[in-house]
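Following: one structure in structure tokens, then a few remarks.
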Amino acid sequence: MPPAGAQRTLDVAIQRKSFRSASGESLDVLKDINFSLEPGEVGAIAGPSGCGKTTLLRIVAGLDTDFTGAVRRPAQGRLGYVFQEPRLLAWRSAADNVRIAAPETDEAGLEALFSALGLAGHADHYPGELSGGLARRVSLARAFAARPDLLVLDEPFVSLDAALAERLRGELAALVARRPVTTLLVTHDIEEAIALADRIILLSPRPARILGELRIDTPRGGRGLALTNKLRADIAQLNAAAGA
Ligand SMILES: Nc1ncnc2c1ncn2[C@@H]1O[C@H](COP(=O)(O)OP(=O)(O)OP(=O)(O)O)[C@@H](O)[C@H]1O
Ligand SMILES: [Mg+2]
């Protein structure tokens, strides 16, 4: 438990983020991105390709500190990061990639996690021997095993077949149900955002600003077609209003 008075929420207040190109030109990527997540809350970031989603996640995780504004992360928070590209250590087996990130994981826990993520039989394989989808699952295992308090996931379920993606979404929902993990998930898939998130943060094209925030109070699992259709319509309206 964090000490009394310690930061509990994730508070993001980015006024501006820009990159400078080799030719010296400035590229504005993020503009006035303000939101908070409560402990255990799942936020989904949705927005067009190239708008600045990965840049936002890197700032939230503390990997990029070159921006105007402030990010306050939960105190004593352990970070789990599922990168857009799996980024495994090529000279370590799949299991060792997880052990290195989460040394306190016992062998039974590791086996259960590999089994839950459909990785049984791949523990001793090296990243070069894994398909893209398998490598992505090892990177999920690595982030889950770290027992994160803050979990950021950058399009974690792309390039997986529909049934497997559905199963892994279930594993993420189960992880969040077991213990409060403040989670920020980037996705292109509105259905995925609606299935998993407590709050959807819709971004504009670059420079990304927040077009709208949609709260979903209905518990995961109880979200039927009517709610999904309503949220889809709300999102379409926000995009249309912004000309996005
Ligand atoms: N290190 C960098 N230096 C310069 N420009 C960058 C850098 N990283 C990202 N960019 C630019 O910032 C913009 C936003 O990139 P970012 O990767 O955050 O977008 P994204 O929304 O994650 O895209 P995608 O949906 O394709 O993953 C892009 O125009 C990209 O070219
Ligand atoms: Mg990205």
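The values are calculated or read from the model by the stated rules, or taken from the named source; none is laboratory data. From a predicted model like this one, the values you see are computed outputs, not experimental measurements. Here the Cβ is made from the backbone with ideal geometry for all residues, glycine too, and neighbour counts use every protein chain on show. Accessible surface is based on the protein model in full, side chains and every heavy atom, while ligands, DNA and RNA are left aside. Shrake-Rupley method; radii C 1.70, N 1.55, O 1.52, S 1.80 Å.
Tabulated data for the structure shown
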{"read-out": "ALA120 being touching a residue at least 40 places away in the same chain (Cβ under 8 Å) and in contact with a Phe, Trp or Tyr (Cβ under 8 Å, 6 or more places away or on another chain)", "value": "no"}
{"read-out": "Candidate set: the range 1-48, residues that are among the hydroxyl-bearing types (Ser, Thr, Tyr) and modelled with pLDDT under 95; chosen: the one farthest from the chain's Cα centre (by Cα)", "value": "SER23"}
{"read-out": "Matching residues in the range 1-58 - criterion: being assigned to a loop (DSSP other than H, G, I, E, B), hydrophobic (A, V, I, L, M, F, W, C) and either within 16 Å of LEU151 (Cβ to Cβ) or open to solvent by less than 90 Å² (accessible area, probe 1.4 Å) (or both)", "value": "ALA6, CYS51"}
{"read-out": "Subset tally (residues that are β-branched (Val, Ile, Thr), surrounded by fewer than 22 Cβ atoms within 10 Å (Cβ to Cβ) and either within 16 Å of ligand 2 (Cβ to nearest atom) or closer than 20 Å to GLU192 by Cβ (or both)) for the range 59-77", "value": "0"}
{"read-out": "Residue check, ALA101 within 26 Å of ARG215 (Cβ to Cβ) and either small (Gly, Ala, Ser) or free of Cβ contacts under 8 Å to residues at least 12 places away in the same chain (or both)", "value": "no"}
{"read-out": "Condition broken by GLU111, with the remaining ones in (1) modelled with pLDDT of 95 or more; (2) open to solvent by less than 40 Å² (accessible area, probe 1.4 Å) satisfied", "value": "(2)"}
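Matching residues to (1) modelled with pLDDT under 95; (2) basic (Lys, Arg); (3) crowded, with 22+ Cβ neighbours inside 10 Å:
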| residue | (1), (2), (3) |
| --- | --- |
| PRO86 | yes, no, no |
| THR105 | yes, no, no |
| ALA116 | yes, no, no |
| HIS122 | no, no, no |
| HIS125 | no, no, no |
| GLY132 | yes, no, no |
| ARG142 | no, yes, yes |
| LEU153 | no, no, yes |
| PHE157 | yes, no, yes |
